[in-house]
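The values are calculated or read from the model by the stated rules, or taken from the named source; none is laboratory data. No experiment lies behind these values; they were computed from the predicted model shown. Glycine also receives a Cβ, built like all others from the backbone with ideal geometry; neighbour counts cover every protein chain displayed. Side chains are part of the model used for accessible areas, which takes the heavy atoms of the whole protein and leaves out ligands, DNA and RNA. Shrake-Rupley method; radii C 1.70, N 1.55, O 1.52, S 1.80 Å.
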Amino acid sequence: MINLPLLLEFVAAASVLTITPGVDTAMVLRSATVDGRRSAVLAAFGIQCGCLVWGLSVAFGLGALLRASELAYTILKVAGAMYLLWLGVRLIISPREALEGTEETNRSGGTFWRGFLTNILNPKVGVFYVTFLPQFVPVAAGVARYTMFLVSIHVVLGMLWFALLIAATMPLGRFLRRPGAVCVLDRLTGGIFVAFGLKLALSSR
């Protein structure tokens with residue numbers, strides 16, 4: 001059973017949350033401007049696959065566990081923070097000087113896994129889902145099935161937003177692909193990842 005006013009409220013709230021800048025936005029923008037459209041799409045797809053996994057986990061109880069268990073939350077939080085710090089420090093210390101012929105560019109499928117891991121190792125996504133989604137589930141609806149329905153809408157909104165970002169940044173690609181710009185953007189993105197990693201590590205619920 002779909003409660004249309006409640007569903008429209010969810011779409012409005014989820015849309016605002018989707019366009020709020022975060023580490024996922026930084027990852028997709030960097031991939032679009034430096035590595036090209038295919039890499040950016042793979043990063044976006046990886047991030048949204050992470051959302052689907054979190055949605056399934058929340059629908060079947062893992063999100064509630066993370067909310068209730070300080071140890072489980074802390075373990076996943078530390079793992080996510082360490083991963084972001086590793087990505088960021090790697091970009092700062094060893095930025096690329098050019099795109100042509102680099103292993104990372106030629107193996108752009110790796111951006112899918114970076115996007116996926118960045119999302120899946122962030123316990124705040126799970127806690128957010130378990131606290132945010134239930135208020136939009138109608139009383140008569142099956143909780144697990146309707147939760148996944150809402151997560152699917154959030155994923156679609158995310159892909160539409162990333163598509164707009166990718167389309168908007170692609171015209172800058174020719175300029176940003178110059179060697180100097182690649183190095184600067186790698187280090188800038190690395191700094192953003194480090195900042196988000198430290199923020200995650202030091203954050204409380």
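Checking Leu99, Leu56, Leu76, Leu91 one by one, the residue that is open to solvent by less than 70 Å² (accessible area, probe 1.4 Å) and at pLDDT 80 or above is Leu91 and no other. If the condition is being part of a helix (DSSP H, G or I) and either open to solvent by 70 Å² or more (accessible area, probe 1.4 Å) or touching a strand residue (DSSP E or B) at 6+ places or on another chain (Cβ under 9 Å) (or both), then segment 2-40 contributes Leu4, Pro5, Leu8, Glu9, Val16, Leu17, Ile19, Arg37, Arg38. In segment 118-139, what residues are open to solvent by 70 Å² or more (accessible area, probe 1.4 Å) and more than 15 Å from the chain's Cα centre (by Cα)? Once the filter is applied, which keeps residues that are open to solvent by 70 Å² or more (accessible area, probe 1.4 Å) and more than 15 Å from the chain's Cα centre (by Cα), segment 118-139 yields Pro134, Gln135, Val139. Inspect all residues belonging to segment 11-28 and state whether any of them is under 23 Å from Cys183 (Cβ atoms) and either over 17 Å from the mean Cα position of the chain (by Cα) or of a type in the set (Gly, Ala, Ser) (or both). The answer is yes, given that some residue of segment 11-28 is under 23 Å from Cys183 (Cβ atoms) and either over 17 Å from the mean Cα position of the chain (by Cα) or of a type in the set (Gly, Ala, Ser) (or both). Taking the listed residues Leu172, Leu117, the one that is under 29 Å from Ala12 (Cα atoms) and either touching a helix residue (DSSP H, G or I) at 6+ places or on another chain (Cβ under 8 Å) or at pLDDT 85 or above (or both) is Leu117, with no other qualifying. Across segment 72-84, a minimum of one residue is classified as among the hydroxyl-bearing types (Ser, Thr, Tyr) and closer than 18 Å to Phe112 by Cα. Can you confirm whether segment 140-160 contains a residue that is open to solvent by less than 30 Å² (accessible area, probe 1.4 Å), at pLDDT below 80, in a helix (DSSP H, G or I) and over 14 Å from Asp24 (Cα atoms)? Checking segment 140-160: not a single residue is open to solvent by less than 30 Å² (accessible area, probe 1.4 Å), at pLDDT below 80, in a helix (DSSP H, G or I) and over 14 Å from Asp24 (Cα atoms).
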